[in-house]
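Okay, structure first, notes after.
The values are calculated or read from the model by the stated rules, or taken from the named source; none is laboratory data. These numbers were taken from a predicted model, which means no experiment stands behind them. Backbone-built Cβ (ideal geometry, glycine too); neighbour counts: all protein chains shown. Heads up: the accessible areas ignore ligands, DNA and RNA and are worked out on the full protein's heavy atoms, side chains in. Shrake-Rupley method; radii C 1.70, N 1.55, O 1.52, S 1.80 Å.
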There are 2 protein chains.
Amino acid sequence: MDGNGNYTTQMDAARKGIVTPQMKIVAEKEKMSAERIRKLVAEGKAVICANRRHTCLDPEGVGSMLRTKVNVNLGVSRDCKDYEIEMEKVMSAVKLGAEAIMDLSSHGNTQPFRRKLTAQCPVMIGTVPVYDSVIYYQRDLSTLSAKDFVDVVRLHAEDGVDFVTLHCGITRKTMEQIRTHKRKMNIVSRGGSLVFAWMSMTGAENPFYEHFDEILDICEEYDVTVSLGDACRPGCLADATDVCQIEELVRLGELTKRAWAHNVQVMVEGPGHVPLHQVAANMEIQKSVCMGAPFYVLGPLVTDIAPGYDHITGAIGGAVAAMHGAAFLCYVTPAEHLALPGVEDVKQGIIASKIAAHAADIAKGIPGAEERDGRMAEARRALDWEAQFACALDPETARAIRDSRKPEDDHSDTCSMCGKFCAVRSMNKALAGEAVDIL
Amino acid sequence: MDGNGNYTTQMDAARKGIVTPQMKIVAEKEKMSAERIRKLVAEGKAVICANRRHTCLDPEGVGSMLRTKVNVNLGVSRDCKDYEIEMEKVMSAVKLGAEAIMDLSSHGNTQPFRRKLTAQCPVMIGTVPVYDSVIYYQRDLSTLSAKDFVDVVRLHAEDGVDFVTLHCGITRKTMEQIRTHKRKMNIVSRGGSLVFAWMSMTGAENPFYEHFDEILDICEEYDVTVSLGDACRPGCLADATDVCQIEELVRLGELTKRAWAHNVQVMVEGPGHVPLHQVAANMEIQKSVCMGAPFYVLGPLVTDIAPGYDHITGAIGGAVAAMHGAAFLCYVTPAEHLALPGVEDVKQGIIASKIAAHAADIAKGIPGAEERDGRMAEARRALDWEAQFACALDPETARAIRDSRKPEDDHSDTCSMCGKFCAVRSMNKALAGEAVDIL
């Protein structure tokens with residue numbers, strides 16, 4: 001309940017006709033009326049991930065009709081244990097425009113870092129409780145009980161996490177499908193593989209599926225948005241849009257309804273590796289099966305053969321996905337499939353995702369999306385380099401490239417790419433009736 | 001005429017029912033019958049850019065139904081005069097998979113480098129004669145005559161160039177349109193701006209338009225493919241698909257017919273800066289107006305605000321363009337709009353374009369396109385790292401990233417991204433009925 005006891009979650013408020021402070025902020029950012037945002041949240045078509053304990057949050061909405069948001073995965077692990085370095089990455093990610101951080105920490109005592117995030121970080125914080133379960137109890141996976149898993153969800157909710165990925169859609173039936181369908185890559189979702197392994201070793205049903213109502217009660221209490229994980233997302237083009245993926249999606253559609261019945265906000269996670277011509281269809285199927293719940297995609301990566309460049313394969317897929325309805329892009333770094341991302345990888349991953357998100361926002365006609373591009377065009381025509389840098393997604397990099405290789409005769413109006421052959425310079429002169437000197 | 005005097009161009013041969021040696025090679029590369037290639041060349045839907053003097057050429061076909069090809073722009077300029085460095089870039093581009101090199105040299109004596117390219121380089125060589133005209137005569141642009149321009153086209157044809165960009169579609173009528181339509185960026189095509197400036201200063205009609213038939217005779221004699229330049233390609237999102245661009249495209253459609261009447265092969269150049277939702281429409285319009293002549297696009301860049309990252313904005317646009325019918329992608333480097341590309345920029349630009357081309361080829365169902373992705377998936381499931389590197393577009397970079405940050409406990413089977421949380425490892429164990437150890 002809010003301070004006045006009027007509502008539990010943003011969805012509950014929206015359904016009761018209450019415009020929350022968070023809705024007002026989101027409405028301003030999206031250049032929409034607060035009433036429109038309220039309606040979208042009530043219908044489940046937009047979510048505002050805002051745990052009531054995450055008081056320093058600057059809220060954002062996630063929905064296909066809103067600006068496309070970008071998530072950054074970080075967190076300490078066995079091979080990168082330094083919390084200070086990880087916090088630096090977080091703050092640099094926020095500065096670069098990430099709207100969410102998922103803390104995927106998988107080593108040591110994870111709670112202090114998680115609490116630090118929800119105490120200091122203004123963007124949405126997400127976690128994957130099943131990773132943390134193994135770490136938290138420091139016991140073999142097979143010895144954990146269903147209750148153990150649920151307790152970790154509660155712990156994360158209490159710590160102020162705004163959304164949690166729950167791999168609820170993979171059931172014992174799916175296990176059979178994975179075994180018989182003979183995918184090339186089986187399951188590539190880390191959380192999904194843990195749930196599969198647990199079910200495999202214990203013989204029991206998926207605890208997140210079996211105890212979904214109990215989990216929903218926790219999520220409603222703290223207003224934690226459920227991000228329905230796609231354990232069966234394709235890990236290669238050959239597995240895309242197969243029966244394993246689509247059957248899980250159908251399950252996620254059912255679970256969406258159940259969450260909404262508890263006034264719990266829902267996002268649905270999606271692929272994965274998908275050939276370019278299947279991306280639009282994947283978005284349409286999700287929209288229809290999950291009744292417009294915001295779609296949160298990892299990539300999609302449009303080819304398997306570019307390790308070292310998967311921020312680019314992800315930007316291609318992400319732009320097309322968002323144009324066709326994905327609301328939330330999980331960044332992919334150049335280190336994907338190869339190593340833990342370093343600081344520079346994180347930067348490259350965020351910028352590639354921001355480009356994809358922005359290109360899609362323009363394509364979708366999001367209010368105001370094209371304004372900055374218009375300013376850049378004006379600055380380019382005027383050959384005003386400072387104004388160009390001011391409009392750039394990464395001004396420092398743009399400036400460094402131009403400055404490192406200025407034209408020899410240092411015309412301040414051109415750059416070394418074309419020198420005096422610069423088309424903009426020639427056209428400005430020609431249209432002004434001046435002689436155009438090239439030599 | 002060929003050695004036996006049977007045909008002039010590949011198109012002439014194709015129309016006479018002759019399967020040329022070049023067609024046989026292209027057919028093998030494309031996993032198609034030589035007869036199918038012959039028919040496509042006869043119809044103008046595919047071109048084989050092969051100047052009869054470029055004898056070291058390993059021919060490639062360009063057409064929407066063939067593998068998408070990638071062009072790399074290089075050449076010396078006032079700010080990078082070293083021919084040796086430029087030749088190194090050329091050979092590294094070929095090694096990275098570029099199917100064409102455009103020599104845009106704009107400084108000094110350009111002929112030796114051009115001749116070196118057609119003497120030693122096995123990929124298609126293209127040029128833009130209007131750039132070279134200014135350099136070749138070393139006279140002010142306004143003092144050049146129409147004949148001077150035509151003579152440079154002849155010179156390039158004699159030097160063995162496989163395709164030439166000719167900005168024929170911009171006429172005095174277009175000049176009026178540019179003046180009255182008030183585009184944000186006017187003309188950003190270097191060649192287009194030179195032609196505009198020349199027309200502006202001399203009051204004469206576009207020499208490449210006025211003397212098109214004479215130029216076609218030259219092109220027929222040597223079998224030079226005409227690449228119809230898009231002087232009015234949009235230089236910012238706001239100018240995309242506007243009346244200036246589309247009117248020029250209509251002109252290019254007319255010129256395509258005239259070239260085909262001379263048995264001269266034609267490609268049509270296209271945008272430019274285009275919002276993502278307009279890319280597919282641009283491809284459809286070109287196909288229809290230019291009767292299926294192969295479309296050669298620069299980008300398209302799907303946002304204006306990412307200087308320093310335009311290889312990514314171009315990869316997004318290029319992948320979608322090629323999926324919808326573009327046949328040939330001109331690479332874009334991270335230095336676009338800022339500076340001359342260095343060796344590393346060239347590499348980044350090529351790989352981004354190769355990713356876009358490959359993603360589109362899979363989407364288009366090009367025979368065999370997905371095979372390498374399939375092998376990568378098998379290698380990933382087997383956690384066979386050497387096999388993964390062997391399938392990678394850039395094996396050295398992939399290996400360097402993994403090796404620089406190996407997992408601490410050096411499991412050879414995983415990487416530091418997930419360590420023992422590796423989903424592939426967990427699944428392999430679970431499916432084999434083994435215990436899954438995470439801690």
Looking at this structure, is A:R372 surrounded by fewer than 19 Cβ atoms within 10 Å (Cβ to Cβ), at the interface with another protein chain (Cβ under 7 Å from one of its Cβ atoms), in contact with a helix residue (DSSP H, G or I) (Cβ under 7 Å, 6 or more places away or on another chain) and closer than 18 Å to B:D310 by Cα?
yes
State whether one or more residues within segment A:329-342 are more than 7 Å from chain B (Cβ to nearest Cβ) and in a helix (DSSP H, G or I).
no
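Could you list, in sequence order, all residues of segment A:43-85 that are in a helix (DSSP H, G or I) and within 14 Å of chain B (Cβ to nearest Cβ)?
A:I85 - this is the single residue of segment A:43-85 that is in a helix (DSSP H, G or I) and within 14 Å of chain B (Cβ to nearest Cβ).
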Of the residues in segment B:375-394 that are among the small types (G, A, S) and open to solvent by 40 Å² or more (accessible area, probe 1.4 Å), the one that is farthest from B:C422 (Cα to Cα) is B:A390
Just to be sure, is A:D239 open to solvent by 10 Å² or more (accessible area, probe 1.4 Å) and of a type in the set (D, E)?
no
So which residues in segment A:401-417 are more than 8 Å from every other protein chain (Cβ to nearest Cβ) and modelled with pLDDT of 85 or more?
A:D403
Which of the residues spanning segment A:82-98 are surrounded by 22 or more Cβ atoms within 10 Å (Cβ to Cβ) and without any contact (Cβ under 8 Å) to a residue 40 or more places away in the chain?
A:V90
Name the single residue, out of those in segment B:187-203 being part of a helix (DSSP H, G or I) and of a type in the set (A, V, I, L, M), that is nearest to the other protein chains (Cβ to nearest Cβ).
B:A197
Just the residues that are open to solvent by 20 Å² or more (accessible area, probe 1.4 Å) and at the interface with another protein chain (Cβ under 8 Å from one of its Cβ atoms), please, taken from segment A:346-362.
A:H358
Which of (1) touching a residue at least 24 places away in the same chain (Cβ under 8 Å); (2) assigned to a loop (DSSP other than H, G, I, E, B); (3) over 25 Å from A:E43 (Cα atoms) does A:A306 not meet, given it meets every other one?
(1)
Evaluate segment A:104-115: report whether one residue or more is of a type in the set (K, R), touching a Ser or Thr at 6+ places or on another chain (Cβ under 9 Å) and away from every other protein chain (no Cβ under 14 Å).
yes
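Answer yes if at least one residue in segment A:9-29 is within 19 Å of the chain's Cα centre (by Cα) and either in contact (Cβ under 8 Å) with a residue 24 or more places away in the chain or exposed (fewer than 15 other Cβ atoms within 10 Å of the Cβ) (or both), and no otherwise.
yes
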Restricting the search to segment B:4-41, which residues are hydroxyl-bearing (S, T, Y) and farther than 17 Å from B:P294 by Cβ?
B:Y7, B:T8, B:T20, B:S33
How many residues are assigned to a helix (DSSP H, G or I) and either of a type in the set (A, V, I, L, M, F, W, C) or buried (at least 18 other Cβ atoms within 10 Å of the Cβ) (or both) if we restrict to segment A:137-167?
10
Would you check if B:G318 is in contact (Cβ under 8 Å) with a residue 12 or more places away in the chain, surrounded by fewer than 24 Cβ atoms within 10 Å (Cβ to Cβ) and small (G, A, S)?
no
Segment B:38-59, residues that are out of contact with any strand residue (DSSP E or B) (no Cβ under 7 Å at 6 or more places or on another chain) and crowded, with 24+ Cβ neighbours inside 10 Å:
B:R38, B:A50, B:N51
Which residue is farthest from A:K81 (Cα to Cα), if the candidates are limited to segment A:106-134 and must be touching a strand residue (DSSP E or B) at 6+ places or on another chain (Cβ under 7 Å) and part of a loop (DSSP other than H, G, I, E, B)?
A:V123
When you scan segment B:381-399, how many residues do you find that are within 22 Å of A:S189 (Cα to Cα) and in contact (Cβ under 8 Å) with a residue 40 or more places away in the chain?
2
Any residue that is surrounded by fewer than 21 Cβ atoms within 10 Å (Cβ to Cβ) and within 19 Å of B:A240 (Cα to Cα) - is there at least one of those in segment B:288-311?
yes
Taking segment A:242-268 as the region of interest, how many residues are within 15 Å of A:Y209 (Cβ to Cβ), among the acidic types (D, E) and open to solvent by 10 Å² or more (accessible area, probe 1.4 Å)?
2
Filter result (within 14 Å of another protein chain (Cβ to nearest Cβ) and under 17 Å from A:A197 (Cα atoms)) within segment A:150-176
A:H167, A:I170, A:R172, A:T174, A:M175, A:E176
Which residue is surrounded by the most Cβ atoms within 10 Å (Cβ to Cβ), if the candidates are limited to segment B:174-213 and must be β-branched (V, I, T) and closer than 11 Å to B:A231 by Cβ?
B:I187
